[in-house]
Amino acid sequence: MARNDRMSGNEAVAYAMKQINPDVMGAFPITPSTEIPQYFSTYVANGEVDTEFVAVESEHSAMSTCMAAQAAGGRAITATSSAGMALMWEMLYVTASARLPVTMALVNRALTGPININNDHSDSMGARDSGWIQLYAETNQEAYDNFVQAMPIGENKEVRLPVMVCQDGFITSHAVENIELLDDEIVKNFVGEYEPEHYLLKKENPLAVGPYDISNYYMEHKKQQAEAMKNAKPVILEVARRFAEISGRSYGFFEAFEMEDAEVALVLIGSSAGTAKETVKQLRKEGKKVGLVKIRVFRPFPMEELAETLNGVKAVAVMDKAESFSACGGPLFAEVRSALYDLENRPKTINYVYGLGGRDICVEDFAMIYDQLFEIGRTGDAGEVYRHIGQREQEV
């Protein structure tokens with residue numbers, strides 16, 4: 001039986017952790033993810049979980065703890081944000097390359113500098129090529145649901161990759177929303193027990209984890225990682241199908257909102273989709289055929305599926321809540337534009353970098369972007385492709 005409650009996104013993720021009851025949590029506090037280990041440590045202190053909570057001296061140590069626990073045959077979790085994840089950087093790559101399915105709650109926050117504690121996606125986008133599966137949430141409900149689905153995805157024998165469950169700092173992490181929680185036993189049965197094939201403490205088959213990899217073998221192991229990320233795609237959909245059976249909530253690689261007859265569309269990630277959906281509803285009432293695609297799974301990137309959804313659209317604006325400093329667009333833009341390349345009639349595609357360091361975006365901003373897209377569709381001229389929105393103009 002499910003029950004309704006009011007929770008922040010941080011509390012909802014911590015509650016999912018409690019229901020899963022992992023073996024180890026290694027964590028170090030950093031705004032705005034601090035509440036997750038704080039809530040969870042209360043569950044530990046109250047005896048509501050059997051988890052070994054390891055309060056470490058840094059985020060590098062937090063990921064090292066999780067990696068070691070997972071390598072020893074346990075199930076490990078952590079939570080962090082921004083510069084905290086940046087301090088884990090080396091261990092992100094080591095954990096993924098060692099094929100250890102650690103699950104991390106990442107509460108997205110701008111990376112220093114200048115120092116800023118508000119939301120954008122620069123932390124997770126900076127780690128997009130570290131070998132971690134990345135799931136993103138629009139709402140508190142999705143943050144909870146994604147965390148419940150993360151372990152069955154990462155621990156699948158055809159995958160065995162760590163999973164990053166992302167939500168927007170302060171926007172979902174601290175805001176309180178109505179949320180539907182699954183019964184503890186249902187979550188426990190859905191996630192199941194962790195059953196690694198090989199681990200350090202398996203005396204029947206001793207092995208090393210993360211040894212020096214000489215050039216004769218290194219590339220083969222990287223190819224195996226790449227294949228595992230490909231294998232994750234059908235696993236993600238299968239886990240989502242099973243999750244729909246127990247929850248009634250359906251998930252895929254992305255949500256296509258009013259895309260059936262859309263002439264122009266936005267592609268974006270995270271909580272801003274709520275504002276953009278409101279814009280779509282308003283413009284639809286005016287008879288304008290607008291749509292939206294909200295990316296849920298950024299790694300592995302749903303290239304073919306996204307191209308199929310955007311096929312026939314005249315113009316697309318890709319919204320990046322992170323700057324890649326490539327001088328030609330943000331990280332989501334690069335992926336989406338690449339996905340559209342093989343279409344016979346490619347949509348004209350532009351990029352807007354927005355929301356950096358917590359800068360707001362509103363319905364009027366999205367309406368202006370849709371107006372721009374209609375003009376591009378009419379003239380066939382995209383103009384300047386790489387754009388920013390929401391900042392004060394200044395001389396450089």
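Every number here is computed from the coordinates shown, using simple stated rules; none is lab data. The structure presented is a predicted model; accordingly, all values stated were derived computationally and were not measured. No Cβ is skipped: glycine too gets one built from the backbone with ideal geometry, and neighbour counts run over all protein chains shown.
Filtering the range 351-379 to residues that are part of a helix (DSSP H, G or I), within 28 Å of the chain's Cα centre (by Cα), without any contact (Cβ under 8 Å) to a residue 40 or more places away in the chain and more than 10 Å from residue 276 (Cβ to Cβ) leaves 364, 368. Among the residues of the range 311-345, the one identified as basic (Lys, Arg), surrounded by fewer than 24 Cβ atoms within 10 Å (Cβ to Cβ) and either within 27 Å of residue 82 (Cα to Cα) or without any contact (Cβ under 8 Å) to a residue 12 or more places away in the chain (or both) is 337. In the condition set (1) of a type outside the set (A, V, I, L, M); (2) in contact with an Asp or Glu (Cβ under 7 Å, 6 or more places away or on another chain); (3) over 30 Å from residue 219 (Cβ atoms), residue 5 is compliant with all but (2).
Just one residue in the set 304, 286, 278, 308 is surrounded by fewer than 18 Cβ atoms within 10 Å (Cβ to Cβ) and within 27 Å of residue 162 (Cα to Cα); that residue is 304. Which residue out of 42, 95, 51 is within 21 Å of the chain's Cα centre (by Cα) and hydroxyl-bearing (Ser, Thr, Tyr)? Checking each option against the conditions leaves just 95.
Does the range 6-14 contain at least one residue that is of a type in the set (D, E, K, R), in contact with a Leu (Cβ under 9 Å, 6 or more places away or on another chain), surrounded by fewer than 18 Cβ atoms within 10 Å (Cβ to Cβ) and within 17 Å of residue 174 (Cβ to Cβ)? No.
Scanning the range 89-106 for residues that are within 23 Å of residue 224 (Cα to Cα) and aliphatic (A, V, I, L, M) yields 91, 92, 94, 96, 98, 100, 102, 104.
What number of residues within the range 280-310 satisfy the criterion of being assigned to a loop (DSSP other than H, G, I, E, B) and free of Cβ contacts under 8 Å to residues at least 12 places away in the same chain? Result for the range 280-310: 2. What are the residues in the range 66-82 that are of a type in the set (S, T, N, Q) and out of contact with any Leu (no Cβ under 8 Å at 6 or more places or on another chain), if any? The one that is of a type in the set (S, T, N, Q) and out of contact with any Leu (no Cβ under 8 Å at 6 or more places or on another chain): 78.
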